Amino acid sequence: MSTNSRTAPRICPLCEATCGLILTIEGTSVTGARGDRDDVFSQGFICPKGAAFGGLDADPDRLRTPLIRTDGVLREASWEEAFDAIAARVPALIEEHGPQSVGVVLGNPNVHTMAGALYPPVLLKTLRTRNVFTASTLDQMPKHVASGLLFGDAHAIAVPDLDRTDHLLLIGANPLESNGSLCTAPDFPGKLKALRRRGGTLTVIDPRRTRTARLADRHVAIRPGADALLLAALAHVLIEEKLADPGPLAGHLDGLDELTQALQEFTPESVTAACDIDAATIRTLARELAAAPTAAVYGRIGSCTVEHGTLASWLVDVLNILTGNLDRPGGALFPLSATARAPRPAAPGKGFSLGRWASRVSGHPEAKGELPMAALSEEIETPGEGRIRALLVIAANPVLSAPDGDRLDRALAGGLDFMVSVDPYLNETSRHADVVLPPPPPSQSAHFDFAFNSFAVRNQVRYSRPAVPLDADRMDESEILARLVLAVGGMHGAPPHTVDDLVIDTALTAAGAPKELAGELSGTSGPERRLDLMLRLGPYDLTLDRLLAHPHGIDLGPLEPRVPQLLKTRSGRVELFPAPIAADLPRLRRALDQERAGLVLVGRRHLRSNNSWLHNVAALSGGSNVCTLQIHPKDAARIGLVDGATARIKAAGGEIEAPAEVTDAVREGVVSLPHGWGHGRPGTRMSVASATPGVNVNQLLDGTLLDPLSGTAVLNAVPVSVTALA
Ligand SMILES: Nc1nc2c(c(=O)[nH]1)N[C@H]1C(S)=C(S)[C@@H](COP(=O)(O)OP(=O)(O)OC[C@H]3O[C@@H](n4cnc5c(=O)[nH]c(N)nc54)[C@H](O)[C@@H]3O)O[C@H]1N2
Ligand SMILES: Nc1nc2c(c(=O)[nH]1)N[C@H]1C(S)=C(S)[C@@H](COP(=O)(O)OP(=O)(O)OC[C@H]3O[C@@H](n4cnc5c(=O)[nH]c(N)nc54)[C@H](O)[C@@H]3O)O[C@H]1N2
Ligand code: SF4
Ligand SMILES: [Mo]
């Protein structure tokens, strides 16, 4: 460290673990990053991505100024010109074609920025469009739907109590590479090791022998797509063998008899062929779960982005409930974040409804106010009233992350009157925009984890102010999004704090708090004032000033039971066997007799990756972070594929070619490709990524395969055929 360098704490925005980092800063450049040993939550943990913060922050391919399309070409423009262009087009389109003519796409990094948490809700309210598409329907929507139906609150997601549990049954997740999801836990690997050290057990269900599986006491290489059947059989055994005991939760449960009845036919013997797991193992898994002093069942991507994703997610909670582990220490608990509404006395709520409206073209039911991302192309392409004519894309790259990118690519190129991308990169999606609005690098942005604190394995709160002052020609992403709201809402030119003032006023009214409180809020920006208000109205005795006095965060203690206060179902009880689930169960029953595909495709993540947008950071590229088709030696031999040879993979949506990686880390009958690759398209500005483009796995999907209850795309357990290229 040179003499003129300084350090600043910054929460890492690169995955859900939310580690505290200490950045080394020389002038205005981040030259290093290490784990913050004083961070109350992450206590010094860092992974290779966090360590590469400086390289990502300083990536020369990051856009510095807005871009505007003139005569078909994107050129650099001023902020004023950019917002003028938006204000000139969007309100007029709405005026002529109605609110549905504007679609909104929200991508994953919105949950990793303050702006992404604070402004998109206002944008959607302003636009009143039902054409809302987010990364959730490529990801965790099944968890939201299951929670909505069970507890009446789609955001009430129980997380495994990693630090205290005696037994973790982990399904379709690989936290040793992903660092965890819907379970915010810095040093997930260390927590799994600690679980084993204290005598606990880890069971992993995954068709691949992942790094997480290698750490486990037991790894069960299930046939992809069969988890809901396995989980139903586990619940069946618990009930049949009288091992079910919901404990204190028993007094708050509805539907136990109906559940018992419905699960009767899902015997271990009946699911064994579909899962490719013998019945004795299934019984053992159930007995171990019941016998553990405390246990938690946890399912992620591999159990969500599949045909029975909602049923599997529901069954995860059913198992936690039947074993008495839901809402008890050591089991699966509901976090209480510092910006949540303060708990209210237990009372019936409004409940959770699905399908309040449907998508225009295919009639997909909405879930949580969203339509399936897989239906975006057809909503742009198909003529008629309500067609999407303008698209606002914030932090999303659906050309790579959603099914059938080539079709979406064509729709964005030829089917829109106007498109805006808020994105730091000119990539496969943003290259189609008429206006690109680039946020500043993370070192110049403040950070607060509105979303992840409510999935954290320990209640805590931390806030980072910008580590480096905003460059003169830059605009904070909060201001970008506030100005976007004003520009599309017919208030172009109003000061951005207008948006924050409005939100603060509405929040005070909703909370029944005195309006004078607005004048007492501290903070140097709209987002800070809003954060201060949320903290003041929240469940802990907190203010922004108190938070600022604790740069390494404030620990708020271990997770605690929250039922029944948390329940918002109409009955005020946990609804174990909700009607939409009951109606979907026959589909699961039919899966028992389905013919099984020869080869099925699953995904995988690499530790040094992040969906589609980290391939441009040299320090994170190369090595084993490559786009290869993993295939079992026996399957490879049958097909005549050797390691390194080119494989052609075909499925309903198209065909792609990738180098084969012959490995017994995938089970027989399964091949694996990572997502987020396919950077070869013209007109992008990602020099490192386009040098090793890889192929887009999602080109294999045609977008018709969805989990019907949640609208989530089936990204795993997809039937494919593989041949060797001569
Ligand atoms: N086959 C397959 N497909 C998958 C998955 C899979 O497992 N398999 N996973 C799915 C999952 S879980 C997800 S969440 C989705 C993700 O899908 P997306 O959200 O569409 O994809 P990302 O690659 O995360 O791209 C996010 C975009 O945000 C931009 N960005 C980065 N930082 C910022 C920022 O601070 N502000 C703004 N405004 N933009 C920023 C990036 O440049 C990029 O363009 O992909 C899904 N797709
Ligand atoms: N390094 C890195 N970290 C990330 C990301 C990243 O791209 N890279 N992305 C972030 C995002 S957006 C998310 S949502 C999280 C996701 O975090 P995780 O849920 O941990 O996601 P994956 O690492 O994709 O692990 C999914 C596992 O499911 C397995 N699987 C596939 N199909 C099935 C099936 O049918 N049944 C079962 N039982 N297993 C199956 C796969 O083999 C894989 O090992 O990771 C986040 N963290
Ligand atoms: S584990 Fe996630 S939050 Fe922690 S340093 Fe790595 S990328 Fe950042
Ligand atoms: Mo995700």
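Residues in the range 158-182 that are in contact with a Phe, Trp or Tyr (Cβ under 6 Å, 6 or more places away or on another chain) and part of a loop (DSSP other than H, G, I, E, B): Ala158, Asn179, Gly180, Leu182. Comparison of Ala51, Ala17, Ala8 shows that the only residue that is within 24 Å of the chain's Cα centre (by Cα) and either surrounded by fewer than 19 Cβ atoms within 10 Å (Cβ to Cβ) or at pLDDT below 95 (or both) is Ala51. Restricting the range 183-221 to residues that are surrounded by fewer than 22 Cβ atoms within 10 Å (Cβ to Cβ) and in a loop (DSSP other than H, G, I, E, B) leaves a set whose member that is farthest from ligand 1 (Cβ to nearest atom) is Gly199.
Evaluate the range 231-251: report whether one residue or more is buried (at least 24 other Cβ atoms within 10 Å of the Cβ), touching a His at 6+ places or on another chain (Cβ under 6 Å), touching a residue at least 60 places away in the same chain (Cβ under 8 Å) and on the phi < 0 side of the Ramachandran plot. No: the range 231-251 contains no residue that is buried (at least 24 other Cβ atoms within 10 Å of the Cβ), touching a His at 6+ places or on another chain (Cβ under 6 Å), touching a residue at least 60 places away in the same chain (Cβ under 8 Å) and on the phi < 0 side of the Ramachandran plot. The condition of being surrounded by 18 or more Cβ atoms within 10 Å (Cβ to Cβ), of a type outside the set (D, E, K, R) and either outside the structural domain of Leu14 (by TED's automatic domain parsing) or in a helix (DSSP H, G or I) (or both) holds for only one of Leu93, Leu56, that being Leu56.
Conditions tested, residue by residue: (1) closer than 28 Å to Leu673 by Cβ; (2) away from ligand 3 (no atom under 16 Å from the Cβ); (3) part of a loop (DSSP other than H, G, I, E, B); (4) not assigned by TED's automatic domain parsing to the domain that holds Gly199.
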| residue | (1), (2), (3), (4) |
| --- | --- |
| Val271 | yes, yes, no, no |
| Ile277 | yes, yes, yes, no |
| Ala286 | no, yes, no, no |
| Val297 | yes, yes, no, no |
| Thr310 | yes, yes, no, no |
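In the range 290-325, the qualifying residues are those that are surrounded by fewer than 24 Cβ atoms within 10 Å (Cβ to Cβ) and closer than 16 Å to Thr203 by Cβ, and the one that is nearest to ligand 1 (Cβ to nearest atom) is Arg300.
Taking the range 20-48 as the range and being part of a loop (DSSP other than H, G, I, E, B) and surrounded by fewer than 21 Cβ atoms within 10 Å (Cβ to Cβ) as the test, the residues that pass are Gly27, Thr28, Arg37, Asp38, Val40, Gln43, Gly44.
Inside the range 649-664, can you point out the residues that are surrounded by 16 or more Cβ atoms within 10 Å (Cβ to Cβ) and among the charged types (D, E, K, R)? The answer is Glu661, and nothing else. Looking at the range 157-172, is at least one residue charged (D, E, K, R) and over 17 Å from Phe455 (Cα atoms)? Yes, that holds for at least one residue. Evaluated against (1) within 16 Å of ligand 4 (Cβ to nearest atom); (2) among the basic types (Lys, Arg); (3) not assigned by TED's automatic domain parsing to the domain that holds His219, Arg341 falls short on exactly one condition, (1). Answer yes or no: is there a residue in the range 106-117 that is assigned to a strand (DSSP E or B), buried (at least 21 other Cβ atoms within 10 Å of the Cβ), under 17 Å from the mean Cα position of the chain (by Cα) and not polar (S, T, N, Q). Among the residues of the range 106-117, at least one is assigned to a strand (DSSP E or B), buried (at least 21 other Cβ atoms within 10 Å of the Cβ), under 17 Å from the mean Cα position of the chain (by Cα) and not polar (S, T, N, Q), which makes the answer yes.
The criterion of at least 1 residues that are surrounded by 22 or more Cβ atoms within 10 Å (Cβ to Cβ) and over 21 Å from the mean Cα position of the chain (by Cα) is met by the following helices (runs of 4 or more DSSP H) wholly inside the range 386-493: 405-414, 477-488.
Once the range 49-82 is narrowed to residues that are in contact with a Phe, Trp or Tyr (Cβ under 9 Å, 6 or more places away or on another chain) and under 11 Å from Pro441 (Cα atoms), the residue that is nearest to ligand 3 (Cβ to nearest atom) is Asp59.
Give me the pairs: first residue in the range 37-53 and of a type in the set (Val, Ile, Thr), second residue near ligand 3 (Cβ under 7 Å from one of its atoms) and in a loop (DSSP other than H, G, I, E, B), beta-carbon distance under 9 Å, and six or more apart or on different chains, which are they? Note: pairs meeting the criteria are Ile46/Cys12; Ile46/Cys19; Ile46/Pro186.
Taking each residue of the range 21-34 that is assigned by TED's automatic domain parsing to the domain that holds Pro186 and looking for partners that are part of a strand (DSSP E or B) with beta-carbon atoms closer than 9 Å, six or more apart or interchain, yields nothing.
The values are calculated or read from the model by the stated rules, or taken from the named source; none is laboratory data. Everything quoted here is computed from the prediction, not taken from an experiment. Cβ sites come from the backbone with ideal geometry, for glycine too, and all protein chains shown count toward neighbours.
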